[in-house]
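The values are calculated or read from the model by the stated rules, or taken from the named source; none is laboratory data. Small disclaimer: the values here were computed from a predicted structure and weren't measured. Cβ atoms come from the backbone with ideal geometry, glycine included; neighbour counts cover every protein chain shown. Ligands, DNA and RNA are stripped out before the accessible areas are found, and what is left, the full protein with its side chains, is counted by its heavy atoms. Shrake-Rupley method; radii C 1.70, N 1.55, O 1.52, S 1.80 Å.
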Amino acid sequence: MFGLATITFQLILVGVFAVATIVGYLLINKVPPTLHTPLMSGMNALSGVTVLGAMTATAAGFYGDTPAGRITVSILGALAVALAMVNVAGGFAVTDRMLSMIAKNRAKGQCAIYTALVVAACAILAVIFCFTKFSTSGIHTAYIILSAVLSCGILGGIALMSKIAYSKIGNRISAVCMLIAIILTVVYSGGNVFTGNSICAVWPVFAGLAAGLITGLVLAAKVSMLQMPQMVALFNGLGGGASALVGAFAMFGIGAGLGYFEKTTASLAFAIGMVTLLGSLVAAGKLHRILPQKPVIIKNHGFRQIASAITMIAAIVIYIIFASAEVSDQTAMIIDFIAIALSAITFGLLFSLKVGGADMPITISLLNSLSGVAGAIAGLAIGDLLLVAVGGIVGASGLLLTQIMCKAMNRSLVAILSGKTTAAPAPEATAAQPAPEAPAAECVEAEEEIKEEIAPEPEAETAPAVEENPAPKLKGAKEVIIVPGYGMAIAQAQHTVKRLADKLVAGGTKVKYAVHPVAGRMPGHMNVLLCEADVDYEDLYEMDNINPEFKDADATIVIGANDVTNPAASTAVGTPIYGMPVLNVNDCKNIFVFNFDLKPGYAGVENPIYTRKEGVHLYLGNAAETLAKFIEDMDR
């Protein structure tokens with residue numbers, strides 16, 4: 001149990017996790033914001049690497065001692081395999097779909113890269129199918145080498161995603177590596193460090209693979225780009241659930257060793273997986289409007305959240321003590337297992353309920369990271385090098401995006417997860433009508449449009465009187481900047497925005513799109529929606545690059561954005577928006593605003609742009625409708 005070879009292998013696993021996390025972080029840091037949404041769905045696909053552990057554990061339990069045990073493991077194992085495979089198939093397919101919208105042109109040297117990929121894949125498969133001619137030690141050595149090669153292949157795929165033109169190729173390289181990893185696991189199953197059970201005869205594994213494959217591909221084909229945030233949140237949860245099941249198997253010695261290291265990592269994988277599962281399901285429910293988007297705070301919420309975290313940690317410690325002492329009382333072990341599960345479920349539920357809709361970019365990124373961490377720790381428990389490496393990469397990706405989102409919102413992760421900045425009302429000094437409860441959407445106009453779908457149609461506010469038909473002013477504009485927000489997504493106005501841009505370009509106007517890092521409900525969401533409407537990614541500009549240009553632009557067109565354009569962010573001390581970097585829309589001499597109404601945005605702070613005396617033209621109501629009428633007015 002504590003032999004030198006075992007300890008050496010465990011140290012190798014930990015080292016692989018550390019190296020993969022660091023290298024993954026450095027590579028992912030180079031991925032441009034335009035690709036952050038495809039990056040997250042791609043990480044969903046990679047988090048499905050848990051399928052490898054699920055296959056191994058299911059095979060180990062399938063050959064168990066009792067019929068009841070075999071049936072239980074078969075059902076739960078097939079479920080774990082299916083959940084992970086949904087991520088693999090759905091994640092890679094929907095990522096490819098998005099990247100096809102963004103990287104439309106053929107990449108230079110594309111044929112050569114694909115040819116090299118096919119040759120390399122065939123060579124690896126040839127080695128795998130020659131395993132039967134190797135000795136046991138030779139098979140194990142070959143497995144480690146091939147795992148390293150496949151991990152490097154996945155890292156290479158991520159590296160290619162740092163360049164938009166090659167991003168689609170990178171995603172496909174990662175997908176091929178994942179497919180080969182599944183084949184490698186099936187063939188290698190007889191040479192596993194802890195089990196000698198073949199996967200080839202375990203039908204629940206293949207049933208799970210088929211169910212997950214079909215489900216994932218169907219979801220990827222049917223999901224709209226507007227629904228991508230909830231799709232990613234759901235996939236985060238599925239990855240967490242699969243890791244939790246693998247961790248649970250390992251806790252009971254199925255597919256894993258019985259040592260202190262294995263038990264510790266197994267219990268951690270189970271707990272983190274359950275937190276990720278429940279937190280992600282709640283996040284997906286909020287984003288899909290099944291649950292309230294506003295923060296849900298119950299009595300003694302903070303105390304309950306802390307208590308559940310402490311209970312979870314205590315239960316894990318007790319389990320590790322029981323395991324190290326080789327306690328034979330199965331009833332006590334099961335009770336402790338249930339305590340870990342319930343406390344993890346409670347914690348995941350409480351922390352996600354407390355987060356409002358507009359803080360979802362950070363929450364989704366964090367859950368994306370946790371799904372990878374859970375998978376990596378599950379890999380440590382069962383001794384799977386590839387699962388450890390890929391899980392570390394996914395964890396690094398989510399962590400990086402979480403940091404980017406926190407910086408863009410000028411908020412601390414602890415404050416957001418504790419709900420301290422989620423529902424803060426604006427002080428009277430900065431808002432004429434401070435909201436007692438801040439809306440859950442980035443801008444109130446988006447929330448009002450949501451209400452249209454579930455309640456009698458509200459009447460939009462009437463815009464202040466403006467000069468008759470200011471639309472023709474844009475005809476002679478040399479440069480126009482378009483600022484999209486979540487209201488554009490809710491109104492599904494991206495295609496109308498493209499029509500407006502095409503009309504301006506046809507008249508000789510240079511059109512640029514200014515995209516705030518947290519516009520929408522996940523990193524890069526606005527970019528994907530605009531590219532879906534056939535906007536060229538080269539016309540999409542990051543906040544830091546576009547901000548100096550507002551003062552020289554002839555006009556700025558704001559569609560469904562509020563807080564990300566609010567200049568009060570530099571003056572409204574004590575509000576959630578204070579200190580948040582915003583787009584310098586107020587520097588522009590002519591601003592056309594297409595929002596649902598003039599109410600404060602998510603932060604509850606009045607936007608001074610709406611009351612500016614000169615150069616502001618307000619068009620209130622559904623953005624798709626007001627934009628369409630505006631396009632018609634341009635010719636009058």
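Each label point is 7 Å from the Cα along the Cα-to-Cβ direction; what then is the distance between the points at A165 and D536, in nm?
1.4 nm
First select every other residue whose beta carbon is under 9 angstrom from the beta carbon of L504; then total the charges, Lys and Arg +1, Asp and Glu -1. Each step should come with its number before you reach the end.
Numbers: positive: K475, K503, K510; negative: D502.
Overall, the nearby charge balance is +2.
Taking only DSSP H segments of four or more residues, each worth -39500 (n - 2.57), what value at 222 nm results for the chain once the sum is divided by all its residues, to the nearest 500 deg cm²/dmol?
-20000 deg cm²/dmol
Counting DSSP beta bridges with both partners in the range 544-636, what percentage is antiparallel, nearest 5?
Beta bridges within the range 544-636, antiparallel portion: roughly 0 percent.
Near C588, within a Cβ-to-Cβ distance under 11 Å, what is the net charge of the other residues, with Lys and Arg +1 and Asp and Glu -1? Before the final figure, lay out each step's value.
On the way: positive: K551, K589, R612; negative: E479, E549, D552, D554, D587.
Residues close to C588 contribute a combined charge of -2.
At 1.4 Å probe size, put E538, E479, E532 in order of accessible surface, largest to smallest. Present the calculation step by step, with values, prior to reporting the outcome.
On the way: E538 120, E479 40, E532 60 Å².
From most accessible down to least: E538, E532, E479.
Using the reciprocal of the averaged 1/r over all distinct C-alpha pairs, how large is the Kirkwood radius of the range 119-253 in Å?
Result for the range 119-253, one decimal place: 17.3 Å.
Counting only the heavy atoms of the protein chains, how much of Y610 is accessible to a 1.4 Å probe, in Å² to the nearest 10?
The value for Y610 is about 20 Å².
Take N545 and S570, extend 7 Å from each Cα along the Cα→Cβ direction, and tell me the distance between the two endpoints in nm.
Computed distance between label sites N545 and S570 equals 2.3 nm.
Subtracting the Cα-Cα distance from 0.36 nm times the residue separation, let me have the gained length for I290 to W203 in nm, one decimal.
So the extension gain works out to 27.7 nm.
Sorted by accessible area with a 1.4 angstrom probe, largest first, how do S243, S135 fall?
Reading off the accessible areas and sorting them downward yields S135, S243.
So, R0 is 56 Å and r is the distance between the beta-carbons of K133 and S324; what FRET efficiency does that work out to, to 0.05?
Efficiency at R0 = 56 Å is approximately 0.85.
When all protein chains stay in place, what accessible area (Å², nearest 10, 1.4 Å probe) is found for S570?
Result for S570: roughly 90 Å² accessible.
Please work out how much accessible surface R411 shows to a 1.4 Å probe, ignoring ligands, DNA and RNA, in Å² rounded to 10.
20 Å²
Can you tell me the FRET efficiency between I306 and A148 if r is taken as the Cβ-Cβ distance and R0 is 41 Å, rounded to the nearest 0.05? It would help to have the intermediate numbers written out before the result.
Values: r = 42 Å, r/R0 = 1.01.
My answer for the efficiency is 0.50.
What does the net charge come to around Y541 if you take all other residues with beta carbon closer than 10 Å to its beta carbon, with K and R at +1 and D and E at -1?
Values: positive: K512; negative: E538, D539, E542, D544, E549.
Net charge in that neighbourhood comes out at -4.
What residue among S343, L380, Y578 has its Cα farthest toward the positive end of the dipole of the chain, where the charges are +1 on Lys, Arg and -1 on Asp, Glu, each on the Cβ?
Working it through, the farthest residue towards the positive pole turns out to be L380.
Can you give me the relative contact order of the range 255-398 as a percent, contacts being Cα pairs under 8 Å and 6 or more apart?
Over the range 255-398, the number comes to 38 percent.
Given a cut-off of 30 Å, name the pairs among K263/K294; K163/K599; K163/K354; K168/K407; K286/K613 whose C-alpha atoms lie farther apart than that in the structure shown.
K263/K294; K163/K599; K163/K354; K286/K613
Kindly sort C122, C177 by accessible area of their heavy atoms, largest first, with the probe set to 1.4 Å.
C122, C177
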